[in-house]
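Comments concern the structure below.
The values are calculated or read from the model by the stated rules, or taken from the named source; none is laboratory data. Values in this document were obtained by computation on a predicted structure and should not be read as measured data. We place every Cβ from the backbone using ideal geometry, glycine too, and count neighbours over all the protein chains shown.
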Amino acid sequence: MTPTKDIGITVDCRSENCPIPLIETRKAINAAKPGQVITVIGTHPSSKKEIPMAAEAMRLKVLEVSETDGVWKIRIQR
Amino acid sequence: MAKATIILHSGDYDKVYSALILGNGALAMGMDCSIYFTFWGLQRLKKGQLSKGRLSNMHMLGLGKWMIKRRMKAKNVASLERLLKDYKELGGKVIACDMTMDIMGCKLEDFEPGIVDECGAVGTYIKEARESDITLFI
């Protein structure tokens, strides 16, 4: 088997309001292959805690939750 | 799988928002979701009527709604059309109440195409609700 470089999926939800960051994250999870990493960036405050909640509810691994200058970044592994 | 079942009885602009935001939220968090459109809520599924409802409060002959819509646009809140499209894309089910269709004299072809998954009555709702983790009446 040849290893393939996995660039993952990035979802940019900056300036989007409730519930778009959750919706777009869900669409990306649906589109991702098992093992693939989804990176979501956004500014909507509640989504920073709710996207990891959604990932955990779907038994997916949350690899990172960080924030710089009001922009958060969440990495989820499908 | 966990499931949410919502009845949308109201056709008010803000309440249609509540139903679609909750439905999308449930789907996004890994649940199944069905929304039963009945009475005034069902009117919103007619072609071009989704965002035509009045505000449940402070409608003020349309002035209140105009102000709220302006605020929502400034805060980048998604349109009802987008929320319904996303709801369907994430696998949300739309059920039209057939008794309301009878009373109001509307037919399947009066609705936006591709939106209604099935027509149902109280039995369909109870069957789905009893296997749901969340059920709401809006």
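Some notes on this structure:
- Lone unmet requirement of (1) surrounded by fewer than 14 Cβ atoms within 10 Å (Cβ to Cβ); (2) within 15 Å of the chain's Cα centre (by Cα); (3) not β-branched (V, I, T) for B:R70: (2)
- Test: residue in the range A:54-69 that is buried (at least 18 other Cβ atoms within 10 Å of the Cβ) and assigned to a helix (DSSP H, G or I): yes
- Listed conditions (1) assigned to a strand (DSSP E or B); (2) of a type in the set (D, E, K, R); (3) touching a Gly at 6+ places or on another chain (Cβ under 8 Å) are all met by A:K73, apart from (3).
- Looking across B:I126, B:I134, B:I35, one residue alone is in contact with a Lys or Arg (Cβ under 8 Å, 6 or more places away or on another chain) and surrounded by fewer than 19 Cβ atoms within 10 Å (Cβ to Cβ). It is B:I134.
- Hits in the range B:1-51 (condition: outside any loop (DSSP other than H, G, I, E, B), of a type in the set (G, A, S) and more than 14 Å from every other protein chain (Cβ to nearest Cβ)): B:S34, B:G41
- If you check B:S10, B:S34, B:S56 for being among the hydroxyl-bearing types (S, T, Y) and under 17 Å from B:S132 (Cβ atoms), only one passes: B:S34.
- Considering only residues in the range A:1-32 that are more than 13 Å from the chain's Cα centre (by Cα) and either at pLDDT 95 or above or facing chain B (nearest Cβ under 9 Å) (or both), the one that is surrounded by the fewest Cβ atoms within 10 Å (Cβ to Cβ) turns out to be A:S15.
- Strands (runs of 3 or more DSSP E) enclosed by the range B:75-138 - at least 1 residues per element that are small (G, A, S): B:93-97, B:118-120
- Of all the numbered requirements in (1) in contact with a helix residue (DSSP H, G or I) (Cβ under 8 Å, 6 or more places away or on another chain); (2) surrounded by 15 or more Cβ atoms within 10 Å (Cβ to Cβ), A:T39 misses one, and that requirement is (1).
- Scanning the range A:38-67 for residues that are within 11 Å of A:E24 (Cβ to Cβ), within 11 Å of chain B (Cβ to nearest Cβ) and among the small types (G, A, S) gives a single hit, A:S47.
- Check on A:E67, within 24 Å of B:A26 (Cβ to Cβ), in contact with a helix residue (DSSP H, G or I) (Cβ under 9 Å, 6 or more places away or on another chain) and of a type in the set (D, E): no
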